[in-house]
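Trainee: Below you'll find the structure I mean.
The values are calculated or read from the model by the stated rules, or taken from the named source; none is laboratory data. Please read all numbers here as calculations on a predicted model, not as lab measurements. Using ideal geometry, Cβ is built from the backbone for each residue, glycine included, and neighbour counts are taken over all protein chains shown. To get the accessible areas, we keep the full protein, side chains included, count just its heavy atoms, and leave off ligands, DNA and RNA. Shrake-Rupley method; radii C 1.70, N 1.55, O 1.52, S 1.80 Å.
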Amino acid sequence: MDQFPVGVTKQAYLEMRLTEAIIEEDDYDFMVMERTQGQGCYCFVNGLVENQIQKLQSHYPYVVVDNEAGMEHISRGLLPVMDTSILVSDSSRRGVQAAGRIARLMEELKFKPKQVGLIINRAPEVCKERKRSINH
């Protein structure tokens, strides 16, 4: 959309659209922000997301934010207040090292979650054991 409704700023319009993007269910509400298409700075969009999360936090006992892989959302400080941080990695050395870098970055940025956890998915031995228990 190239034009916004008359008298409405770009920020106000996008905040309204973010509010409309919330899907309400019986036990939870869900909002998805897709990855933007193209190049450029994400500062404006990230600022909107940060503001939206801050507004939503007062209405929910829990807010779960699932970031894309990488450190961008952490280094930009979008989520400075969190009770629990769950890092997810595959079982590769590179993946586990990246999770360690993210944990260190959170410490450097003075994030103080009460708990930090690590989930390793696609762990080969666990997958084999699970298949055995299902087949027997």
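Trainee: Testing ILE23 on (1) under 19 Å from the mean Cα position of the chain (by Cα); (2) at pLDDT below 75, one condition comes back false. Which one is that?
Mentor: Going through (1) under 19 Å from the mean Cα position of the chain (by Cα); (2) at pLDDT below 75 one by one, ILE23 breaks only (2).
Trainee: Name the pairs whose Cβ atoms lie under 8 Å apart, with the first residue in the stretch 41-62 and over 16 Å from GLU24 (Cα atoms) and assigned to a helix (DSSP H, G or I), the second open to solvent by less than 50 Å² (accessible area, probe 1.4 Å) and at pLDDT 80 or above, and 6 or more positions between them or separate chains?
Mentor: Taking only residues 6 or more apart or on different chains, not a single pair turns up.
Trainee: Check GLU129 against each of (1) assigned to a helix (DSSP H, G or I); (2) modelled with pLDDT under 85; (3) within 24 Å of GLY47 (Cβ to Cβ) and name the one condition it does not meet.
Mentor: (3)
Trainee: Based on this model, can you work out whether ASP83 counts as within 15 Å of the chain's Cα centre (by Cα), of a type in the set (Asp, Glu), at pLDDT 80 or above and over 20 Å from GLU15 (Cα atoms)? Don't jump to the end; show me each part of the working.
Mentor: Details: within 15 Å of the chain's Cα centre (by Cα): yes; of a type in the set (Asp, Glu): yes; at pLDDT 80 or above: yes; over 20 Å from GLU15 (Cα atoms): yes.
When the stated conditions are applied, ASP83 passes them.
Trainee: Can you tell me which residues in the stretch 17-32 are open to solvent by 90 Å² or more (accessible area, probe 1.4 Å) and within 19 Å of ASN51 (Cα to Cα)?
Mentor: ARG17, GLU20, PHE30
Trainee: Being over 10 Å from ILE74 (Cβ atoms), open to solvent by less than 30 Å² (accessible area, probe 1.4 Å) and part of a helix (DSSP H, G or I) is the filter here, so list the residues in the stretch 99-117 that pass it.
Mentor: ALA99, GLY100
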